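Step one of this worksheet: look at the structure below.
The values are calculated or read from the model by the stated rules, or taken from the named source; none is laboratory data. Just so it is clear, the model here is predicted, and its values are computed rather than measured. Here the Cβ positions follow ideal geometry from the backbone for every residue, glycine too, while neighbour counts run over all protein chains shown.
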Amino acid sequence: MRDILDAIASRSSIRSYTEEKLTTDQLDAVLTAGLQAPTATNRQELHFTVLEGTAPILFEIQDAMGMRSRPNSNFWYDAPTVIVISGERDFRWTAVDAGIAVENMALAAGALGLGNVILGCLKMAMEGEKGEYFSKALAFPEGYGFQIAIALGHAAADKEPHTYERDKLVTVL
Ligand SMILES: Cc1cc2nc3c(=O)[nH]c(=O)nc-3n(C[C@H](O)[C@H](O)[C@H](O)COP(=O)(O)O)c2cc1C
């Protein structure tokens, strides 16, 4: 497994996937990385719903999103696996914890040689008029709401990590 700093430095959002599925071990390792993420006060208020990229509910969510801007693609880019993270609506740190968990999973996926992209674009649909129906269909526990999702698979094309302007983004006092 690659060094953690290498996994961070080489991470990039992948938006094109082959049809090759994740193995059970790969999926288990990615999920474990999410479960091992810290949560505020160790509340463990997140839930992980695993879906195949062919799951009908994903297409229903896609329909509710409209997606006019990307007519030739779905929001999970035909990735073979999508994991949706839900969390307790009434806990102060749920969104932060979900962000930490999904990045743990993204880095674990990268370390395993898997492409991935974090997905927030379904939020509007998940909180829209069919939100309750989607939450039930995705087996969210009672009182849990959508937080974030991640699509996973084998990258169909390489992509360079993004650049950034360190001087603008960092102040050392
Ligand atoms: C909270 C969050 C939500 C995101 N939602 C989406 C999304 O819905 N669809 C998408 O294609 N990428 C999504 N991304 C990926 C970002 O667009 C991407 O991380 C950013 O453009 C930087 O590119 P990089 O990940 O390749 O470095 C999301 C990323 C984050 C952190």
* Which residue pairs have Cβ atoms under 7 Å apart, sit 6 or more places apart or on different chains, and have a first residue in the stretch 147-162 that is at pLDDT 95 or above and a second that is within 12 Å of the ligand (Cβ to nearest atom) and among the basic types (K, R)? -> P161/R11
* Can you find even one residue in the stretch 90-105 that is under 10 Å from the mean Cα position of the chain (by Cα), buried (at least 22 other Cβ atoms within 10 Å of the Cβ) and not aliphatic (A, V, I, L, M)? -> no
* Of the residues that make up the stretch 27-36, is at least one more than 21 Å from V96 (Cα to Cα), within 15 Å of the ligand (Cβ to nearest atom), of a type outside the set (S, T, N, Q) and surrounded by 12 or more Cβ atoms within 10 Å (Cβ to Cβ)? -> no
* Structure fact -> From the option list Y77, Y133, single residue qualifying as of a type outside the set (A, V, I, L, M) and not in a loop (DSSP other than H, G, I, E, B) is Y133
* Which of the residues that make up the stretch 31-52 are among the small types (G, A, S) and under 13 Å from the mean Cα position of the chain (by Cα)? -> A33, G34
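Results for (1) within 12 Å of the ligand (Cβ to nearest atom); (2) surrounded by fewer than 16 Cβ atoms within 10 Å (Cβ to Cβ); (3) over 19 Å from G53 (Cα atoms), shown as yes or no for each residue.
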site: I83; (1), (2), (3): no, no, no
site: L107; (1), (2), (3): yes, no, yes
site: A111; (1), (2), (3): no, no, yes
site: L122; (1), (2), (3): yes, no, no
site: E127; (1), (2), (3): no, yes, yes
site: A139; (1), (2), (3): no, yes, no
site: I148; (1), (2), (3): yes, no, no
